[in-house]
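The block underneath contains the structure these notes are about, expressed in structure tokens.
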Amino acid sequence: MERAISRLPGACIILMAASLLALQPGGLFRFVWIKLVAVILAVLAGLLSPVSARLPLAVKAVMAACVLWIAVAMLLSDTPLASIAGRWPRYEGLLTLAVYVAVFAVGAKVLGGSGGSRWRALLSLSLAVAGIALFLITALESAGLRPLGGAADVRPGATLGNATDQGLVGVVIAGILAAQGDLDKQWQVWLRRGGLLAGAAVAVLSGSRAALAALLIVAVCGASMWMKTRSWSPVKIAAGAAAAVAGIAVVVLLVPAARDRLLSARTVDGRWLLWDRSLGLIADHPFSGVGPSGFVDALPAYLNGEWARTVGDSFPADSPHSWPLQALSAGGFPLLALILTLIAVSVLAVVRRLRETELASDRSYLAMVLVTVAAYALALLTHFTSIGTTGLVAFLCGGLVGQDGGRAAVRNSFRPAFAAGKLRAVPRLAGVFLVLAALAIAVPSALAEWPMAGGARAAAAGNNAGAQQAFVQARQLRPWDSDTALLAAQAFAGPATTGDQEASRYAVEWGRTARERTPGSLEAGTALAVGYLYGGDVAAAKDLLDALVADAPYSTGLYVHRGVAQFGLGRSAEAIADLERAASLDPSLDTPWRVLANIHQRLGNAQASLAARQRADALAGK
């Protein structure tokens with residue numbers, strides 16, 4: 001038994017590394033719940049591990065304040081239950097946020113203090129294996145293949161599901177492996193080197209500007225530290241750092257996807273616009289934000305004509321793509337202040353640990369890990385958190401701030417030794433209970449991804465009965481998730497537009513459920529309106545679309561659907577006005593012109609119909 005317990009820290013480390021590769025083949029979104037399950041299992045292993053280190057008291061206090069304020073923000077949001085549950089696809093509600101906190105504490109316990117050094121080799125080797133596997137998948141995807149599936153017109157993200165997440169994981173792997181670890185055997189040294197190069201290559205092949213910037217920081221600092229250990233002169237160190245930067249630049253320019261992405265300004269413009277609109281939202285909710293996961297429903301009211309022209313409404317933004325703005329939107333200025341305080345006390349704890357560390361090799365290792373974490377934080381200024389990246393980084397952060405403490409003696413004349421031992425076991429037993437409860441939610445949620453995917457496929461193929469059965473099964477596995485109903489409604493809304501009355505009926509059924517749970521969801525409202533419209537209840541569709549347009553006046557799709565509803569009610573002039581409004585909001589969209597062509601044809605205006613159709617064909621051909 002004692003031997004098995006002594007292996008639990010190693011199991012925790014291996015599971016954290018394995019979470020980077022975990023995915024769910026055949027699931028609707030294969031990259032979240034299965035990773036959450038892996039990380040929760042890592043937390044369980046770490047929780048049951050022998051105590052070696054702990055979080056500093058100041059860090060615990062500020063972290064507790066952060067958790068408390070996030071709970072307050074959830075309860076103050078317009079949809080508390082949805083905020084607590086989290087929203088598709090990242091599901092950063094109570095469970096995921098609690099996992100981030102737990103893995104931070106477990107990282108301190110396993111990797112922190114003087115005892116953490118014994119696990120560095122295993123951490124390096126585990127990340128090296130994960131990095132090499134990730135590189136092989138990334139290389140195939142960069143060659144145009146899709147070994148893990150996925151649409152050919154979407155930037156691949158290997159086992160992370162997102163190209164920037166993939167790149168950031170590569171940076172973290174490269175940074176940790178660049179730290180000088182204690183590896184005894186030659187094969188371990190070569191594996192570490194191979195993993196380091198693989199991590200760097202993953203970052204480059206991702207084409208993510210944020211990941212490339214973070215890689216430059218890690219490369220410069222890592223090279224400088226390595227040269228310093230060899231007593232190079234300052235001039236040589238500067239030249240070596242410049243050579244490292246030049247080497248990365250050359251590689252990026254030689255990789256077409258990375259080069260094209262780096263030189264393109266399209267997503268940069270969109271990001272600036274997203275930040276500008278997010279600031280408008282934050283200005284109206286400065287105290288508690290809109291709650292975690294509330295951003296996706298709140299943002300449409302703050303979009304403008306420029307957003308409609310340059311971004312459109314095909315892919316609703318569920319995050320501001322910047323961690324300070326994400327904190328502000330989720331919990332207002334108090335949450336951002338608490339997070340900045342947590343960062344400050346954590347950095348102070350790391351600095352104190354660096355000063356107290358006697359071995360130069362240990363100081364270099366800790367400094368390199370700190371640089372890697374800082375590079376990740378800088379990259380998140382243009383990105384969002386996710387279980388694929390944030391879980392591992394939280395684990396490493398815990399290892400940085402963890403300090404020796406062991407078990408505090410809890411004895412006095414009124415408390416016998418055996419009672420003290422039982423008292424110390426209470427927090428651990430409570431933690432195990434909470435972890436098992438988290439698994440009881442996460443495992444069925446992961447299983448629900450398969451019927452969710454099956455339902456989407458069946459709906460697209462016209463098998464409405466099969467799709468309905470699959471979505472009902474998914475709801476049984478994930479009854480707390482409002483977005484199960486949303487995704488089902490959207491799946492049925494597509495075939496409903498082709499005149500499938502049964503699909504329209506199901507779209508209305510699921511759309512109503514989604515609207516009940518998230519009344520402010522533009523996506524749920526649109527799916528329900530489509531179900532009404534093509535199911536024959538045109539007046540209900542028109543009334544709902546009027547309300548949606550009032551809340552989101554720059555959503556092009558709403559005007560298209562309302563134009564169809566207006567024509568169905570015999571209001572031809574209003575229908576044409578709505579469709580022309582949609583066409584003016586997004587001049588690159590051909591759909592409004594196709595609907596206009598059909599309307600003019602029905603009205604007997606052949607010339608106007610031909611002109612609209614030619615306009616649509618010209619736009620579709622671009």
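Computed values, structure above
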item	result
Number of positions in the stretch 371-385 that are assigned to a helix (DSSP H, G or I) and of a type in the set (Phe, Trp, Tyr)	1
Residue that is farthest from the chain's Cα centre (by Cα) [pool: residues in the stretch 528-558 that are closer than 16 Å to GLU502 by Cα and among the hydroxyl-bearing types (Ser, Thr, Tyr)]	TYR534
Some residue of the stretch 500-507 being under 18 Å from ASP297 (Cβ atoms) and touching a residue at least 40 places away in the same chain (Cβ under 8 Å)	no
Filter result for the condition that a residue is crowded, with 19+ Cβ neighbours inside 10 Å and not basic (Lys, Arg), over GLY511, GLY499	GLY511
Checklist (1) at pLDDT 95 or above; (2) closer than 21 Å to ARG428 by Cα; (3) crowded, with 20+ Cβ neighbours inside 10 Å applied to ALA64, failing item	(3)
From the options PHE492, PHE471, residue that is crowded, with 24+ Cβ neighbours inside 10 Å, within 28 Å of the chain's Cα centre (by Cα), over 18 Å from LEU447 (Cβ atoms) and outside the structural domain of SER314 (by TED's automatic domain parsing)	PHE492
Only one of THR357, THR310 that is within 30 Å of LYS228 (Cα to Cα), among the β-branched types (Val, Ile, Thr) and at pLDDT below 95	THR357
Hits in the stretch 379-393 - residues which are crowded, with 24+ Cβ neighbours inside 10 Å and among the small types (Gly, Ala, Ser)	ALA379, GLY388, GLY391
Residue that is of a type in the set (Phe, Trp, Tyr), part of a loop (DSSP other than H, G, I, E, B) and within 20 Å of the chain's Cα centre (by Cα), where the choices are TYR91, TYR100	TYR91
Which listed residue, of PRO553, PRO587, is modelled with pLDDT under 95 and surrounded by fewer than 18 Cβ atoms within 10 Å (Cβ to Cβ)	PRO587
Unique match (being more than 27 Å from GLU509 (Cβ to Cβ) and part of a helix (DSSP H, G or I)) among GLN614, GLN566	GLN614
VAL129 being under 22 Å from MET368 (Cα atoms) and surrounded by 21 or more Cβ atoms within 10 Å (Cβ to Cβ)	no
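For (1) touching an Asp or Glu at 6+ places or on another chain (Cβ under 9 Å); (2) within 22 Å of CYS397 (Cβ to Cβ); (3) touching a residue at least 40 places away in the same chain (Cβ under 8 Å); (4) not in a strand (DSSP E or B), each residue gets a yes or a no:
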| site | (1), (2), (3), (4) |
| --- | --- |
| ALA18 | no, yes, yes, yes |
| LEU23 | no, no, yes, yes |
| GLY26 | yes, no, yes, yes |
| ILE34 | yes, no, yes, yes |
| VAL39 | no, yes, yes, yes |
| SER49 | no, yes, yes, yes |
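The values are calculated or read from the model by the stated rules, or taken from the named source; none is laboratory data. Nothing here was measured: the structure is a model prediction, and the numbers come from that model. Heads up, the Cβs are rebuilt from the backbone with ideal geometry, glycines too, and the neighbour counts pull from every protein chain shown.
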